[in-house]
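The values are calculated or read from the model by the stated rules, or taken from the named source; none is laboratory data. Quantities reported herein were computed from a predicted structural model and do not represent experimental measurements. A quick note on method: Cβ atoms are made from the backbone with ideal geometry, for glycine too, and the neighbour counts reach across all protein chains shown.
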C-alpha cells in the first residue's frame, strides 16, 4: 500500500525546493482522488445516490475541482472561470439538518467524461500556478498561496468522505481495486481494560505563525487542566460491541438520549450500519467488498450508537463511563508521547494510507499505554465543536466552520486509515452531525461528567431570543413589525415587475424572508450567523418556534410562535436559508428580481465591496432595497471602511452619499428615502428604539 505524501511545512530557506514539494503534494492528491473513483463499477454508479442525504458521486468528482477555481478566483490568482455552470452546480455540498431531510431535487448532472475533462483543465491551471507564481516563504494565513493549499487540503477531506459514500453504495456499483486493498489480518479481539491517564494541562490551538496549513477552527487559544481519568486501552472492537447488540441495547430506550432515540426509531437500527447478518453469521461491509466479520477491528458507528453503548456500559458496571471530551483526547495524546508524523518517517498508526484501505486490529498499534490514540478510525467525542478564543473566519472560506457552531456537530479526533494531510495532524478539528457516518468508532473513559464548552461565541441565547421576538413577537409602543414593514415596501416598489426570486440578505431569523414569499415564487434568506438562520430553518421545518425572554435579572418568560398564527403557514416550501458572507457570496446566489439588505450595511467589514458587486446578483430592472440606521461602529467595520458618517474635504459626508457614489455605475435611485422605525426588546423594561433609512435602487446596467 502506497501512503500519501505528508503535509509540507510552509517555511524554509529554499523557495524553489518548496515549490516542487507543493507541486508534488497537489499532483499526488489530485491523482489519488481520481483513483478512488476507479472503484466504481459502471457509469450508472456516478448518478445513483449512495444515500438519500447526499449528492450522487458525480457531484463529488466535480466538487473538489470547482472548489480550486472558485477559491483561486476569490484570491485573484485566476482571472477567468473555466466553466461557470460547473463552478456553480458543483459548488455547494450537503450538510443535512436532520437524518430525514430527504433531498429529491433534480439536477442535470454532466457526463463523467465532461467532468474528467474539466478536472484535467483544473490540473493544468493549478500546476501552472504553482510552477510560475512568485513564492516567498513562509506561507501563512494571508499569503496568496494559501488558496492553493486550501484546495489541496479540501480535496484530501473529500478523499475520505467520498470513500465513506462508496462504502455505503450498493455492492453492484463498486469493484475491488489494487490500490485500495483492505487489511488481511484479523484474529481474536483483546479484552478491553481501563488504563490510568494522570492529571495534566492541555493547550490545543494553533497560532498564526504555525508552519503548517490549518482550517480556521484550529486557530486561537484554549487551555484546560484535567483531573486524572481512566481510558479504555483499546478502541471498542466489533467483538466488544457485540455484547451491547446481544443485550438488546438497540431496543432499550433508556440507553438513548432524545435525539439518539429519534434517529434509532427513524433508521430502525438494530446493529451497526456496516454489519450484515445472514445465515452464515455476521459479515462486515468494507469499501468495495463484504467479508466475514473482523471481530478484532474497531466497530464503526455514529455518535448516537457510541453514546448509547457508554450508557449501557455505565448501567452494567456502575461506573461513570462516557465518551471522552476533546480535551481528554489531547491529554491522552500528550500522555502517550505522540508527535506529528513527518515526511520520511513511517506512521506509528493505521493512518495516511500507509497500511491499507481499511481498519486493522485494535491491538496492532501501541502508542504509549494506549492503542490507536490516533489512526485506524476517528473517535467520537462528547464535545460539540466550538470556537477557541480568538477564532476568526478565513475570508476565502467563510462557511467551513461557522455553520457548525450550533451545538449539533460533535468533534471527532485522531484520524482514520485514510486521513492524510491536515486530517492527520493533532490540531485537526473536524465535526459532524451526530447521526453522520464516517470511518469513525470510539473509546470510552471513566470519570465524572465534563462540562461542555459553549457552542458559539457569536450570539448568546439571550441575543437569539431578542431577535426571535423582534421578528416574530409582539409590537411595542405602536411601532409596526419591522421586517414585515420592509417586505411590504419592497412588494409595493416591485409593482407589476417579475417577482420570481428574491434574496433577503442579512435575514437574521428570517421574518422578511417569509413575508416576501407571500408574493415571490422563491425567497432565499442568507445570514452570516448559522444560529440566526437556524430559527428560520426550524420554522420552515416544523412551523413552530419556542424561546424564552429576559424579564428582569435571572427571571424569564416563555414564548411560542407559529407560522399558522402569523398567516405564513403555506409559505414554508417557498423559502430556503443559507449561512453566508454578504461581502463574499457564493456564485449560486444570483439571478434575483429583488435584494433586500435590512440593517446590514453598517455591520459589514467591507460595505464598499458589497455595494460594488451587488449588481452581479440582481437582474436588469431588478430592485435593491437598503435599510439602515447608519450606526457605524469600529467593532463591526474598521473606520477606514466606513462609506459615510465622517468629514470629507472638510464637509459632512453622509452614508447615503457614499451609497449613491458606489451604486451609481449600475443603479438609479427610485423615489425619496423614507424613515422606518423599529424597536428591539431587551428586557421587560428596556428597549432599543431606532430609525432605519430605506432607499430603493433600480439596476440599470
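Summary of computed values
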item: Every residue from the range 182-195 that is surrounded by fewer than 16 Cβ atoms within 10 Å (Cβ to Cβ) and under 27 Å from residue 31 (Cβ atoms); result: 184
item: Single unsatisfied condition, residue 248 versus (1) on the phi > 0 side of the Ramachandran plot; (2) within 31 Å of the chain's Cα centre (by Cα); result: (2)
item: Set 662, 611, 656, 624: member being within 25 Å of residue 489 (Cα to Cα) and assigned to a strand (DSSP E or B); result: 624
item: Among the residues listed as 594, 604, 624, the single one being surrounded by 19 or more Cβ atoms within 10 Å (Cβ to Cβ) and under 26 Å from the mean Cα position of the chain (by Cα); result: 604
item: Residue among 108, 117 that is within 28 Å of the chain's Cα centre (by Cα), more than 23 Å from residue 352 (Cα to Cα) and not assigned by TED's automatic domain parsing to the domain that holds residue 284; result: 108
item: Enumeration of residues in the range 408-423 that are touching a helix residue (DSSP H, G or I) at 6+ places or on another chain (Cβ under 9 Å) and touching a residue at least 40 places away in the same chain (Cβ under 8 Å); result: 410, 411, 413, 414, 415, 416, 418, 419, 420, 421, 422, 423
item: Any chance residue 242 is crowded, with 18+ Cβ neighbours inside 10 Å, modelled with pLDDT of 95 or more and part of a strand (DSSP E or B); result: no
item: Residues that are assigned to a loop (DSSP other than H, G, I, E, B), without any contact (Cβ under 8 Å) to a residue 40 or more places away in the chain and in contact with a helix residue (DSSP H, G or I) (Cβ under 7 Å, 6 or more places away or on another chain), drawn from the range 627-642; result: 632, 636, 637
item: Residue within the range 650-666 that is in contact with a helix residue (DSSP H, G or I) (Cβ under 9 Å, 6 or more places away or on another chain), in contact (Cβ under 8 Å) with a residue 60 or more places away in the chain and loosely packed, with under 11 Cβ neighbours inside 10 Å present; result: no
item: Strands (runs of 3 or more DSSP E) (entirely within the range 248-361) containing at least 1 residues that are assigned by TED's automatic domain parsing to the domain that holds residue 387 and over 30 Å from residue 37 (Cα atoms); result: 281-285
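Here is a yes/no grid of residues against (1) in contact (Cβ under 8 Å) with a residue 12 or more places away in the chain; (2) farther than 30 Å from residue 39 by Cα; (3) more than 30 Å from the chain's Cα centre (by Cα):
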{"residue": "163", "(1), (2), (3)": "yes, no, no"}
{"residue": "186", "(1), (2), (3)": "yes, no, yes"}
{"residue": "209", "(1), (2), (3)": "yes, yes, no"}
{"residue": "225", "(1), (2), (3)": "yes, yes, no"}
